[in-house]
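Notes follow the structure.
Where a number appears in this text, it was derived from the coordinates with a stated rule and is not lab data. Predicted, not measured: the structure shown is a model, and the values here were computed from it. All Cβ positions, glycine included, derive from the backbone under ideal geometry; neighbour counts span all protein chains shown.
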Amino acid sequence: MNLPTGQAGPPVVSAIIPAYNAEDFIAETLDSVFAQTYRPLEIIVVDDGSTDRTAEVVKNYLQRNDNETNLRYIYQQNSGPSGARNSGIKSSTGKYVAFLDADDLWPEDKLSKQAGLMELYPDVVLTFGDMRRFSKSKGIAESMFIRQKCTKEFFGDSFYVKDAYNKLLTRNFIPTGTVIIRKDFFQYSDLFDEYLRCVEDWDLWLRIAMHGTIAYSTDVWELKRDHENNVSNNIEVMKLSMLEVLKKHEKNFHSYIRKNNLNFKSHFCDGYYGLGLHYLEKGQKRNAREAFFKSLHYEINIKSIFYLLITFLYQNKKSYL
């Protein structure tokens with residue numbers, strides 16, 4: 001469902017864009033937000049301590065403000081993307097908050113479709129959609145849903161994500177740039193965890209799934225730019241951070257985990273196994289061995305035993321590839 005542009009009394013959507021040294025891409029990102037067919041729209045760029053021309057580029061867009069579109073620029077000392085998004089949420093005035101990184105793009109009907117769904121289904125706290133990666137050298141890749149086999153059978157319904165918390169524990173299938181959340185939900189939940197080095201979005205989606213309903217669309221609602229500065233390119237940090245999130249949830253939400261009979265040992269086992277494989281591919285046998293031992297501490301796993309033995313048998317990583 002699309003809400004017509006200019007319809008009397010539609011809810012305000014606040015688009016929150018954290019930016020750090022984003023001068024190369026943020027103009028294209030802002031163009032994709034201003035091109036949205038949905039109004040009224042609040043755009044909040046949180047400059048997270050940039051030292052380049054990010055501020056100058058953003059301020060050139062302030063002249064586009066009108067009665068239905070309001071761009072605001074906020075500068076803060078560097079605190080990471082979680083801190084920047086939290087600042088945006090706290091200063092937003094919209095009924096809904098949406099997130100977009102300063103190097104990514106939205107299709108022009110993204111907000112119109114999502115706001116319509118959120119209005120039509122008041123029980124839904126968060127909606128998200130599909131995502132495609134793109135780069136100048138490789139063009140546009142296949143959709144994330146296709147790549148990760150995120151089908152109706154996986155989600156359990158053609159609209160709602162059934163058993164969302166347990167499914168999210170297996171993988172993060174919610175791209176941040178496709179998300180819209182009801183702002184009033186944050187009365188009952190903390191914001192992004194600023195102590196996490198990354199995957200802070202996954203942590204928030206898990207916490208939302210504990211208390212609220214999550215729904216999805218198969219529409220592509222984000223084009224995510226691949227370049228050398230992407231945080232997601234640091235695989236080791238990503239995997240270690242995912243283990244930090246598991247530890248946090250096991251400690252803080254023990255009653256919820258026990259009530260729903262969730263097997264966290266299995267997720268720790270898989271997490272350390274994946275970390276061990278990463279270290280093996282890098283030729284870091286000692287780190288790999290430690291990770292496989294930790295995997296086996298949680299559950300006996302044939303794969304972990306196999307690769308643990310490999311760390312003792314081979315000196316050259318090419319020997320087992």
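Between the alpha-carbon centres of the stretch 116-188 and the stretch 272-297 there is a gap of 30 Å. Here's the picture: charge each Lys and Arg Cβ at +1 and each Asp and Glu Cβ at -1 in the stretch 159-232, and of ILE174, CYS198, THR213 the one pushed furthest to the positive end of that dipole is THR213. Residues of the stretch 94-118 with an amide N closer than 15 Å to a point placed 7 Å from the Cα of PHE134 along the Cα-to-Cβ direction: 101-110. A Gaussian network model of the chain, with springs between Cα atoms under 10 Å, assigns the largest mean-square fluctuation among LEU296, LEU120, LEU191 to LEU120. Shape verdict for the chain, please, from the Cα gyration tensor: rounded (a/c under 1.5), prolate (a/b greater than b/c) or oblate. Because a/c hits 1.5 or more and a/b exceeds b/c, the chain counts as prolate. Working note: Karplus 6.51/-1.76/1.60 with θ = phi - 60° gives the stretch 146-152 the couplings 5, 5, 9, 6, 7, 9, 4 Hz, where Gly and Pro are set to x.
Under 29 Å of direct C-alpha separation, and excluding same-chain neighbours fewer than eight residues apart, LYS113 reaches these lysines: LYS59, LYS90, LYS95, LYS136, LYS138, LYS149, LYS152, LYS162, LYS167, LYS183, LYS224. Between PHE293 and ARG147, the simple label model (points 7 Å from Cα in the Cβ direction) yields a spacing of 3.5 nm.
With a 10 Å cut-off between alpha carbons and a GNM built on the chain, which of LEU309, LEU105, LEU117 moves the most? In the Gaussian network model the winner is LEU309.
Counting only alpha carbon atoms, the long axis of helix 285-298 and the longest principal axis of the chain meet at about 90°.
Please give the FRET efficiency for ASN261 paired with GLU108, using the beta carbon to beta carbon distance and R0 = 35 Å, rounded to the nearest 0.05. For ASN261 and GLU108, the calculated efficiency is 0.20. Between ASN260, ASN172, ASN287, the GNM of the chain built on Cα springs shorter than 10 angstrom shows ASN260 fluctuating the most.
Could you work out the per residue convex hull volume over the alpha carbons of the stretch 72-201, in cubic angstrom? Kindly include the intermediate steps, with their values, before the conclusion.
Working: hull volume 19.8 nm³, N = 130.
Convex hull volume per residue, Cα atoms: 152 Å³.
Just check the stretch 152-280 against the gyration tensor rule for me: Cα atoms, a ≥ b ≥ c as the square roots of the eigenvalues, rounded for a/c under 1.5, and otherwise prolate or oblate depending on whether a/b exceeds b/c. It would help to have the intermediate numbers written out before the result.
Details: a/c = 1.40, a/b = 1.08, b/c = 1.29.
Judged from the Cα gyration tensor, the stretch 152-280 comes out rounded (a/c under 1.5).
What is the gain in length, in nm to one decimal, between ASN60 and GLU250 on full extension, counting 0.36 nm per residue of separation less the C-alpha to C-alpha distance? Full extension of this stretch gives 63.8 nm more.
Rounded, prolate or oblate for the stretch 40-130? Axes are the square roots of the Cα gyration tensor eigenvalues, ordered a ≥ b ≥ c, and the cut-off for rounded is a/c under 1.5. List each step's numbers first, then the result.
Values: a/c = 1.99, a/b = 1.56, b/c = 1.27.
Note, shape of the stretch 40-130 comes out prolate.
Take peptides 34-41, 273-280 and line them up by average Cβ neighbours within 10 Å, highest first, as a rough protection proxy. Please list the in-between numbers first.
Values: 34-41: 18.9, 273-280: 21.4.
Highest to lowest by the protection proxy: 273-280, 34-41.
What angle do you read, to the nearest 10 degrees and between 0 and 90, between the alpha-carbon axis of helix 110-120 and the longest principal axis of the chain? Once rounded, the angle reads 90 degrees.
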